[in-house]
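Take a look at the structure below.
We did not get these values from a lab; they are worked out from the coordinates using the rules stated. Computed from a predicted model, the values in this text were never measured in an experiment. Neighbour counts run over all protein chains shown; Cβ positions are idealised from the backbone, glycine included.
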Amino acid sequence: MNAIFPGSFDPVTCGHINLIKRASKIFSEVTVLVMTNTNKHGLFSPAERVALLETSVACFENVKVLSLEADLTVRAAESLGADVIIRGARNGQDFEAERSIADMNRHLAPEIETILLPAVEKYSFISSTLVKEVARFDGNLAGLVPDIVAHALKEKMC
């Protein structure tokens, strides 16, 4: 079975990497799909996000990273031959939001399943938005993002 893990990943966090690692143990192939969120203005370009992700997931042999302009996630899953869309949920609020999205995706493409992976406790408070705020004020990013991402954030914030 093949899966996609879509997101804006702006930037990728340790929570994202943990979900990718766990998914890579379940599925034969995982495609991390960097997508454009039309409701957000990105700090990193899609190409930069892909590069940061590729470096961060290089140790997972069955994981690849692709970029896709604005499109429906289920359409991307269909075009990539994915059976499953992986999503993460940090808390009940995330779960409810993801459930609504999963219901819509099921309506659009009933043959594609959505699997929600709960965040492990040590990453449950991390979000890309909060990470950018910490970086903006030169806070400690250790344990929040991979080292390469921390370096890239510091360069962006200078």
In straight Cα distance, which aspartates and glutamates are under 18 Å from K122, not counting same-chain residues fewer than 8 positions off? D94, D147
Highest mean first, how do 4-17, 142-155 rank when packing is the count of other Cβ atoms within 10 Å averaged over residues? 4-17, 142-155
What does the net charge come to around V30 if you take all other residues with beta carbon closer than 12 Å to its beta carbon, with K and R at +1 and D and E at -1? +1
Non-local residues with an amide H under 5 Å from the amide H of T114, with H modelled 1.01 Å from N and Pro and chain starts lacking one, are I85
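Let me check against my output: what whole-number percent is the relative contact order of region 2-157, with C-alpha pairs under 8 Å and at least 6 apart?
Rounded, it is 29 percent for region 2-157.
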Give me D for region 79-158 in µm² s⁻¹, whole number, from Stokes-Einstein with Rh from the Kirkwood sum over alpha-carbon pairs, 10 °C and 1.306 mPa s. 107
Quick one: give the max-minus-min coordinate of the C-alpha atoms of region 2-157 along each principal axis, largest first, in Å. 45, 31, 30
